[in-house]
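The values are calculated or read from the model by the stated rules, or taken from the named source; none is laboratory data. Since the structure is predicted, the reported quantities are computational estimates derived from the model, not experimental observations. Note that we place each Cβ from the backbone using ideal geometry, even for glycine, and neighbour counts take in every protein chain shown. Ligands, DNA and RNA are stripped out before the accessible areas are found, and what is left, the full protein with its side chains, is counted by its heavy atoms. Shrake-Rupley method; radii C 1.70, N 1.55, O 1.52, S 1.80 Å.
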Amino acid sequence: MTFDVPARLHCMDTPSQISSPDLHPAARAVAQLIDGVEDARLDDPTPCPEYAVRELLGHLVGLSTAFRDAARKDLGPSTDTAPGSVRPVLGDDWRTVLPQRLDELAEAWTTPEAWDGDTQAGGVTFPAAIAGRVAVNELVIHGWDLARATGQDYAPGDASLQVSYELMKPTGDDPSGDGMFGPVVEVASNAPLLDRVVGFSGRRPDWQPGD
């Protein structure tokens, strides 16, 4: 799973009338999972079919770096490389680096300047106000991936989930059609918000290792 920027995001109105979301809750929710990831589980499967736990963790390090730099408008190798072009490699120091990157990511989006103008992530230039929301969504979805793969509880917070919901909900009249990242998994309309967000991402909310 990559943080490709779907074409429809380029057509979205910049949500300037909505207050900029706080990335700290989503970042903390991911960071709280780190101690529960045993080294013996690094090769276990995840809801991202192409990633084992170690690649998912490497992806989280990479996307946290990329969206941190996107907020700072520090554009370069971390923001102009399509993530699908390089398989994530997890460094030996990931238990130190990942929480640090998550903190830096959340803090970088606290400045008003981070949300102004355009920026870049995954090799794509798009409005910074959308990029910040994509960053929230990446944390929410991949945090769920990591929690589910390692058997941990996960609670990213309602505000973060609402950002993901608004970003990924399908357009048009068919709620079971294509969402932001492809075909959605149909989930009951009265299901928990996290389950609906997971379904919009093309994942089954009931996924378990071995599925």
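Think of each Lys and Arg Cβ as +1 and each Asp and Glu Cβ as -1; about the Cα centre, that makes the dipole of the chain roughly 100 debye.
Order 99-105, 113-119, 160-166, 60-66 from most to least packed using the mean count of other Cβ atoms within 10 Å. Display every interim value, and only then the final one.
Values: 99-105: 19.7, 113-119: 17.3, 160-166: 21.3, 60-66: 23.7.
Output ranking for 99-105, 113-119, 160-166, 60-66: 60-66, 160-166, 99-105, 113-119.
How much accessible area per residue does the chain have, in Å², with a 1.4 Å probe?
On the way: 9780 Å² over 211 residues.
Counting only protein heavy atoms, the per-residue value for the chain is 46 Å².
Within the chain, all pairs of alpha-carbon atoms sorted by distance into 10 Å bins from zero give the percentages 9, 37, 40, 14, 1.
Here the calculated FRET efficiency for D153 and R41, from their Cβ-Cβ distance with R0 = 25 Å, stands at 0.95, rounded to the nearest 0.05.
So what is Rg over Rh here for the stretch 83-127, counting just Cα atoms and using Kirkwood for Rh? It would help to have the intermediate numbers written out before the result.
Values: Rg = 13.6 Å, Rh = 12.8 Å.
My calculation puts Rg/Rh at 1.06.
Working note: Debye formula, equal point scatterers on the alpha-carbon atoms of the stretch 14-106, no solvent; log10 I(q)/I(0) at q = 0.13, 0.19 Å⁻¹ is -0.49, -0.97. The heavy atoms of T96 offer some 90 square angstrom of accessible surface to a 1.4 angstrom probe. To put it simply, the accessible area of the chain at a 1.4 Å probe is 48 percent carbon and sulfur.
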